[in-house]
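A short write-up of the structure that comes next.
What follows is calculated from the coordinates using simple rules that are stated; it is not laboratory data. Because the structure is predicted, anything quoted here is derived from the model rather than measured. Ideal geometry is used to build each Cβ from the backbone, glycine not excepted, and the neighbour counts take in all protein chains shown.
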Amino acid sequence: MAVCLAALVGAAPPASKRLQPTINNVQPASDKLDVASDIQAFNITIPLNNTSADTVKALGLDPSRAYQNWATVEVWTGGHSRGRVNFGDMRNSALSDKVFELLDKGCPARKTASGAGCCQDKEWSSFATNALIKGDPAWTVGLRRARVKTEAACWDNEGIRVLLAQIVADTLRAYTRRAKHHNCYDIPGDSAGTYCNVPRFVRVNLPKHSVTTNKVPWPTLGNFWHIETWGADAVHQFSEFGVLRPCRTRDEVDDVMDKYANDLTGFFPQWKNWFHRDARVIDDGYKVCTNEPL
């Protein structure tokens, strides 16, 4: 699958230039590239001679779980049917700071010479947030706890561990930056405020070889951090209020990756002066970015 896409992706623009927003999940490296619009709209990469998303699902292919060598940094967000996870009124820097703290605590630094390691959370970590919950008999806002859990993570050194956690945390923050018309909504009255939904999954994938392992001939554990979220309603993972628009949020995710461009090319010098980033959406549906709610 990665080989099929390799033919599509060429040299990216220099890091000094502001990259264009990710469009339809495929960002051609050349204006001469002519790819059918239905293929450009796929939320996941499939063989170019096969336009069936059902085939991909049947084969169990999930490109979000591994680095595909499309870019310096590949960030996937979303989840089945754009499931919206209720994170309440915790948003912006307060959210990213809290998420980073939980990730850092759950997958701490390794006491090895290189700092390399892997991690997987067995339990959910949580933080307090005010959230709108469907009660009996009416909706109510109260102090609840939203949750995050590391599905899996690996890193070559301590610097990459910290960088991965920062990108994950800032990606969740990106979903809450715009108060209206994206993933957040306002509540009037006694509980007036802005409340937000976030994606079920955030998966950040970096190149498999860094400054630590560039010269080793054997496979490495890789550099990635994948998390799952759970909303403030302990009984239900997903919110019954508001929307989630991962496609419309990709420009905010682009900004997160651009923010760390210098750090990324420092750890992965093979991308020096050729920084490239890719924001993609996780969903089982076909053409997810053409049928997203307005």
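Some values worked out for this structure:
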quantity: For GLY193, residues with placed amide H under 5 Å, excluding near neighbours; calculated: ILE187
quantity: Radius 10 Å from Cβ of ASP278, net charge of other residues (Lys, Arg +1; Asp, Glu -1); calculated: +1
quantity: Stokes-Einstein translational diffusion, the stretch 68-132 - Kirkwood Rh over all Cα pairs, 1.002 mPa s, 20 °C, in µm²/s; calculated: 143 µm²/s
quantity: Whole-Hz ³J(HN,Hα) from phi, Karplus 6.51 cos²θ - 1.76 cosθ + 1.60, for the stretch 188-201, glycine and proline x; calculated: x, x, 4, 9, 4, x, 10, 10, 10, 9, 10, x, 5, 10
quantity: Cα shape, the stretch 71-282, gyration tensor, a/c 1.5 rule; calculated: prolate
quantity: Charge sum, other residues only, whose C-beta stays under 13 Å from ALA131's C-beta, Lys/Arg counted +1 and Asp/Glu -1; calculated: +3
quantity: For GLY117, residues with placed amide H under 5 Å, excluding near neighbours; calculated: TRP155
quantity: Net charge over other residues, Cβ less than 12 angstrom from the Cβ of ASP233 (K, R count +1; D, E count -1); calculated: +4
quantity: Residue pairs, from the table LYS111/LYS272; LYS98/LYS259; LYS149/LYS259; LYS105/LYS180; LYS98/LYS272; LYS105/LYS149, whose Cα atoms sit over 22 Å apart; calculated: LYS111/LYS272; LYS149/LYS259; LYS105/LYS180; LYS98/LYS272
